[in-house]
1. In a shell of Cβ-Cβ distance under 11 Å around Asp68, excluding Asp68 itself, what net charge do Lys and Arg (+1) and Asp and Glu (-1) give?
2. Under a straight-distance cross-link criterion of Cα-Cα below 17 Å, which lysines are reachable from Lys84, leaving out those fewer than 8 residues away in the same chain?
3. Full extension from Ser103 to Ile66: what is 0.36 nm times the residue separation minus their Cα-Cα distance, to one decimal in nm?
4. What is the packing order of peptides 52-60, 93-101, 70-78, taking the mean over residues of other C-beta atoms within 10 Å and listing the highest first?
5. Work through the residues other than Asp58 whose Cβ is under 12 Å from its Cβ and net out their charges, Lys, Arg +1 and Asp, Glu -1.
6. Can you tell me the order of 79-92, 10-23 when each peptide is scored by its average per-residue count of other Cβ atoms within 10 angstrom, highest first?
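Bear in mind these aren't lab numbers, they're just calculated from the coordinates by the rules spelled out. Model, not experiment: these values are computed from the prediction. Positions of Cβ are generated from backbone atoms using ideal geometry, with glycine treated the same way; all protein chains shown enter the neighbour counts.
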Amino acid sequence: SSDVCSSDLIGAGAVFEGNLKTTSTLRVDGEINGDVNSDGTVIVGVDGKIKGNIKVLDLLVAGTVIGDVTAENKIEIVAKGKLKGDINTKGLIIDEAALFQGSCVMNNEMLNEEMKVEESN
């Protein structure tokens, strides 16, 4: 499929040092020590690890993330995934076998408007 062409991979055993910026989907099965910035989805595989701040559209964590995350759309931490850091997103899914340590700000505009209405009543 055309998706294969438009994705980047940090393979198992690979260690990337420094900040990474991409416009496509990124799958991390190795390790990144630095900030990650993507206009698309970042998938952290079971053996994948990111130590740094992440700014993405969507984040799927099956491995380990240590750092603050801003996801425009959604963050999903699946079974055995670990995220340690503060997150800011519209949507959040955490599997019961996942680990999340940090604070969360949900920035859904519609939800914020409804809360303002309730607070003013």
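1. 0
2. Lys49, Lys51, Lys55, Lys74
3. 12.0 nm
4. 52-60, 70-78, 93-101
5. Cβ neighbours under 12 Å give a net charge of 0.
6. 79-92, 10-23
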